[in-house]
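The values are calculated or read from the model by the stated rules, or taken from the named source; none is laboratory data. Since the structure is predicted, the reported quantities are computational estimates derived from the model, not experimental observations. Neighbour counts run over all protein chains shown; Cβ positions are idealised from the backbone, glycine included.
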């Protein structure tokens with residue numbers, strides 16, 4: 001993307017089509033932060049149209065390095081749109097509001113460490129094999145499409 005393009009600009013039709021036009025604050029309710037990092041924060045939310053529970057990753061593109069942040073958002077949205085595999089989180093779309101991208105995804109209940117904590121005893125070899133097999137299938141899918149997981 002040329003550096004002359006302003007962060008958040010939707011003048012390029014290829015960029016504009018990456019984002020839904022609706023106001024996400026009217027579409028999602030019950031937002032509760034469930035994680036955060038250098039990219040922003042992830043929220044538990046409910047889609048008011050279907051009552052489906054989703055995860056929303058909010059990424060700001062304001063402030064210092066706003067153009068770089070905007071380019072990272074575009075790259076991530078394009079990446080997520082390409083992934084179609086049963087062992088990956090389903091991407092549902094992206095919305096823009098007040099210099100923040102809302103990346104909406106399937107909500108995944110618990111992490112691997114959460115599962116182990118609830119399980120309370122060591123996993124059996126067959127369980128470990130099944131989990132590893134599923135993860136490797138997802139990784140093989142990404143690699144077969146010249147994508148990497150970082």
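Some points to look at:
- Residue 87 vs. criteria in contact with a helix residue (DSSP H, G or I) (Cβ under 8 Å, 6 or more places away or on another chain) and over 25 Å from residue 26 (Cβ atoms): yes
- Pick from region 125-150, criterion outside any helix (DSSP H, G or I) and at pLDDT 90 or above, ranking: surrounded by the fewest Cβ atoms within 10 Å (Cβ to Cβ): 146
- For region 12-19, the count of residues that are surrounded by fewer than 17 Cβ atoms within 10 Å (Cβ to Cβ) and closer than 14 Å to residue 95 by Cβ is nonzero.
- Any hit, region 106-120, residues being surrounded by 13 or more Cβ atoms within 10 Å (Cβ to Cβ) and under 22 Å from residue 18 (Cα atoms): yes
- Extreme residue, surrounded by the fewest Cβ atoms within 10 Å (Cβ to Cβ), among residues of region 20-52 that are part of a helix (DSSP H, G or I) and in contact with a strand residue (DSSP E or B) (Cβ under 8 Å, 6 or more places away or on another chain): 25
- Residue count, region 57-99 (criterion: in a helix (DSSP H, G or I) and farther than 20 Å from residue 33 by Cβ): 14
- Restricting 82, 46 to residues that are outside the structural domain of residue 133 (by TED's automatic domain parsing) and under 30 Å from residue 9 (Cβ atoms) narrows the list to 82.
- Residue selected from region 100-124 under the condition part of a helix (DSSP H, G or I) and without any contact (Cβ under 8 Å) to a residue 12 or more places away in the chain, by the criterion farthest from residue 74 (Cα to Cα): 119
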